[in-house]
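One structure is given below, encoded as structure tokens.
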Amino acid sequence: MKTLETSVDAEKNGNQSPTADVGLAGMDILSVSQFDTGKLNYIFGRADEMRAMVNEVGGDDLLKGRVLACLFYEPSTRTSASFIAAMERLGGSVIPITQGVQFSSVSKGETLPDTIRTLEQYSDVIVLRHPEIGSAKVAADYASVPVINAGDGPGEHPTQALLDLYTIQDELGTIDGLKIAMVGDLRYGRTVHSLTKLLLHYDVSLRFVSPEMLRLPLTIMNQVLDAGMNVRETHDVADVIENADVLYVTRVQKERFSDLAQYEEVKNHYEITPELMAKAKDKMVVMHPLPRVGEIHYADDSDPRAAYFRQVQNGMYIRMALLSSVLAKK
Ligand code: NCD
């Protein structure tokens with residue numbers, strides 16, 4: 001689809017629309033690097049409006065007649081369901097190839113470009129999850145409709161990072177000044193990669209907590225260091241729990257390991273227990289992109305600081321905000 005520059009040019013030429021002012025109309029959403037604070041604040045404001053609208057009347061017909069193709073080559077519950085819910089609450093409809101890519105022509109050996117060139121014939125936007133880094137960019141190069149990256153292997157997960165950041169702001173009223181600890185699989189966790197890059201726009205302290213094998217990739221750590229951020233790495237949650245404002249916990253990404261014995265070594269490395277929570281600040285929030293597979297004890301769920309299911313709900317508002325912006329008429 002289009003590049004960011006062409007949209008910005010259109011705007012400079014006076015081609016204004018309610019969303020062209022932030023340049024998202026007609027755009028692919030491939031990486032968080034496309035978002036500056038102007039765009040972030042715009043999306044968060046739209047998400048607030050979507051929340052109010054859903055609470056009041058359930059939905060509207062802003063995207064009536066528009067079709068979303070939801071193409072998932074990897075498992076998903078929240079990302080696919082929230083995109084579908086978002087589209088339907090805005091009056092649009094969905095082609096769901098989410099639970100059954102194995103029943104599509106992909107299982108006959110169809111390539112990603114051919115599948116994309118087919119789906120664009122029926123739809124106005126394509127949401128893609130795929131196990132390879134860079135796959136969303138490949139799809140976008142072929143598609144004439146916007147492509148939204150819903151996770152490209154261990155690469156990025158930009159819409160998750162938007163909802164994560166929105167949740168932090170929603171829960172704590174600010175982002176600047178916070179101490180944010182990311183825990184778990186920082187190496188393969190694409191949500192961590194995207195959220196860390198978004199946080200480069202803010203004045204935050206970062207704590208990265210992982211086993212040695214699952215440390216944050218050097219390329220991303222270098223970006224954090226180049227930005228001059230206050231950052232520290234550790235293996236132990238106990239080192240960060242007392243001072244953290246946000247504890248962002250992640251699952252060890254079993255599907256990314258070529259050697260399952262290595263996975264077995266690190267899979268039960270962390271568990272956020274009520275005993276650990278007792279050491280944390282009263283106003284701290286615990287987040288998780290989910291699914292959890294043992295990193296957060298179920299007994300924490302009744303703790304008011306457990307924000308992970310509120311985070312899930314925010315995902316729908318953020319995706320409503322994004323879809324309405326990307327599909328806005330120019
Ligand atoms: C995450 C993902 O798919 O990257 N889940 C999600 O989108 N909510 C995290 C994970 O699978 O661990």
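The values are calculated or read from the model by the stated rules, or taken from the named source; none is laboratory data. The shown structure was predicted, so the numbers you read here are calculated from the model rather than taken from an experiment. Note that we place each Cβ from the backbone using ideal geometry, even for glycine, and neighbour counts take in every protein chain shown. The area values use the complete protein model at the heavy-atom level, side chains included, leaving out ligands, DNA and RNA. Shrake-Rupley method; radii C 1.70, N 1.55, O 1.52, S 1.80 Å.
List of remarks:
- Test: residue in segment 259-275 that is within 16 Å of the ligand (Cβ to nearest atom), among the aliphatic types (A, V, I, L, M) and open to solvent by 60 Å² or more (accessible area, probe 1.4 Å): no
- Hey, residue 249 of a type outside the set (Lys, Arg), within 18 Å of residue 164 (Cα to Cα), surrounded by 15 or more Cβ atoms within 10 Å (Cβ to Cβ) and touching a His at 6+ places or on another chain (Cβ under 6 Å) or not: yes
- Which numbered condition residue 144 misses (of (1) open to solvent by 30 Å² or more (accessible area, probe 1.4 Å); (2) closer than 23 Å to residue 292 by Cα; (3) in a loop (DSSP other than H, G, I, E, B)): (2)
- The residue pairs whose first member lies in segment 309-330 and is closer than 18 Å to residue 41 by Cα, whose second member is of a type in the set (Phe, Trp, Tyr) and open to solvent by less than 10 Å² (accessible area, probe 1.4 Å), and whose beta carbons are closer than 7 Å, counting only pairs six or more residues apart or on different chains, are 314/166; 318/166; 319/83.
- Scan of segment 124-141 for residues that are touching a His at 6+ places or on another chain (Cβ under 9 Å) and either free of Cβ contacts under 8 Å to residues at least 12 places away in the same chain or in a helix (DSSP H, G or I) (or both), ordered by number: 136, 138, 139
- Criterion: touching a Leu at 6+ places or on another chain (Cβ under 9 Å), part of a strand (DSSP E or B) and not β-branched (Val, Ile, Thr) - qualifying residue of 69, 86: 69
- Here residue 197 meets the list (1) buried (at least 21 other Cβ atoms within 10 Å of the Cβ); (2) part of a helix (DSSP H, G or I); (3) touching a helix residue (DSSP H, G or I) at 6+ places or on another chain (Cβ under 8 Å) almost entirely, failing just condition (1).
- Of all the residues in segment 101-123, those that are surrounded by 18 or more Cβ atoms within 10 Å (Cβ to Cβ) and not in a helix (DSSP H, G or I) number 2.
- Count - residues of segment 281-305 that are open to solvent by 10 Å² or more (accessible area, probe 1.4 Å) and among the hydrophobic types (A, V, I, L, M, F, W, C): 3
- Condition check for residue 151 on (1) outside any loop (DSSP other than H, G, I, E, B); (2) open to solvent by 10 Å² or more (accessible area, probe 1.4 Å); (3) on the phi > 0 side of the Ramachandran plot: one failure, at (2).
- Hits in segment 176-194 - residues which are open to solvent by less than 30 Å² (accessible area, probe 1.4 Å), within 19 Å of residue 132 (Cα to Cα) and not small (Gly, Ala, Ser): 185, 186, 190, 191, 192, 193
- Against the list (1) open to solvent by less than 30 Å² (accessible area, probe 1.4 Å); (2) more than 22 Å from residue 325 (Cα to Cα), the condition residue 128 fails is (2).
- Against the numbered list (1) farther than 16 Å from residue 315 by Cα; (2) of a type in the set (S, T, N, Q); (3) away from the ligand (no atom under 16 Å from the Cβ), residue 169 comes up short only at (1).
- Scan of segment 210-236 for residues that are in contact with a strand residue (DSSP E or B) (Cβ under 9 Å, 6 or more places away or on another chain), over 15 Å from residue 253 (Cα atoms) and open to solvent by less than 90 Å² (accessible area, probe 1.4 Å), ordered by number: 221, 224, 229, 230, 231, 233, 234, 236
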